[in-house]
Amino acid sequence: MKKIVAVSGSLRTDSYNTNLLNKLSNIFKDEVEYEILDISSVPLFNEDIENDKNKYIDSLKNKIKNSDFVIISTPEYNYSVSGVLKNALDWFSRGENPVFENKDVGILSASPSKF
Ligand SMILES: Cc1cc2nc3c(=O)[nH]c(=O)nc-3n(C[C@H](O)[C@H](O)[C@H](O)COP(=O)(O)O)c2cc1C
């Protein structure tokens, strides 16, 4: 069975983006393994600590590495992605285990704004 992991760029309880990712699980149902990764406890990236053993970061990276597809849904914050998402992507892009190499990634954004 194909594995899809999803990442929301919003930590808000009633986040439209997280809701969108939750709704996708109804569509995928039993056809794929689907997991929304929890990035709420990813520390602020700092090169001083990037090589420290961090089981939480390693586990998130391994889930992405072992997936067939990654879906990111993020709000637009000031014409960019949210800070929490950027911070997580900075962690995921570093080290001996570069998880996005040859990875198919889809990016969505949900917003109540007409922009
Ligand atoms: C710091 C901040 C910056 C924002 N910047 C934008 C923006 O540039 N464009 C936009 O359409 N909405 C912007 N918004 C509104 C968000 O799209 C809106 O709050 C959205 O609901 C956030 O997504 P969420 O529901 O998944 O938390 C911003 C909101 C915040 C808190």
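Data overview
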read-out: Charge dipole magnitude, Cβ of K and R +1, D and E -1 - the chain, Cα centre, debye nearest 20; value: 300
read-out: Over 21 Å between alpha carbons, listed pairs Lys23/Lys65; Lys29/Lys114; Lys65/Lys86; Lys23/Lys103; Lys2/Lys23; value: Lys23/Lys65; Lys29/Lys114; Lys23/Lys103
read-out: Under Karplus coefficients 6.51, -1.76 and 1.60, residue-wise ³J(HN,Hα) of region 97-104 in Hz, glycine/proline x; value: 10, x, 7, 9, 4, 6, 9, 7
read-out: Compactness of the chain as Cα Rg over 2.2 N^0.38 Å, two decimals; value: 1.07
read-out: Carbon plus sulfur fraction of accessible area for region 3-108, probe 1.4 Å, in percent; value: 47
read-out: Per residue accessible area of the chain, 1.4 Å probe, in Å²; value: 67
read-out: Coil-residue trypsin sites (Lys or Arg not before Pro) of region 53-84, DSSP, other Cβ within 10 Å capped at 16; value: Lys53
read-out: Over the chain, relative contact order from alpha-carbon pairs under 8 Å, at least 6 apart, %; value: 36
read-out: Per-residue ³J(HN,Hα) for region 86-92, Karplus 6.51 cos²θ - 1.76 cosθ + 1.60, θ = phi - 60°, Hz, x for Gly and Pro; value: 4, 4, 5, 5, 4, 4, 5
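The values are calculated or read from the model by the stated rules, or taken from the named source; none is laboratory data. These figures come from a predicted structure and were not determined experimentally. No Cβ is skipped: glycine too gets one built from the backbone with ideal geometry, and neighbour counts run over all protein chains shown. Quick note on the areas: whole protein, heavy atoms, side chains included, nothing else; ligands and nucleic acids left out. Shrake-Rupley method; radii C 1.70, N 1.55, O 1.52, S 1.80 Å.
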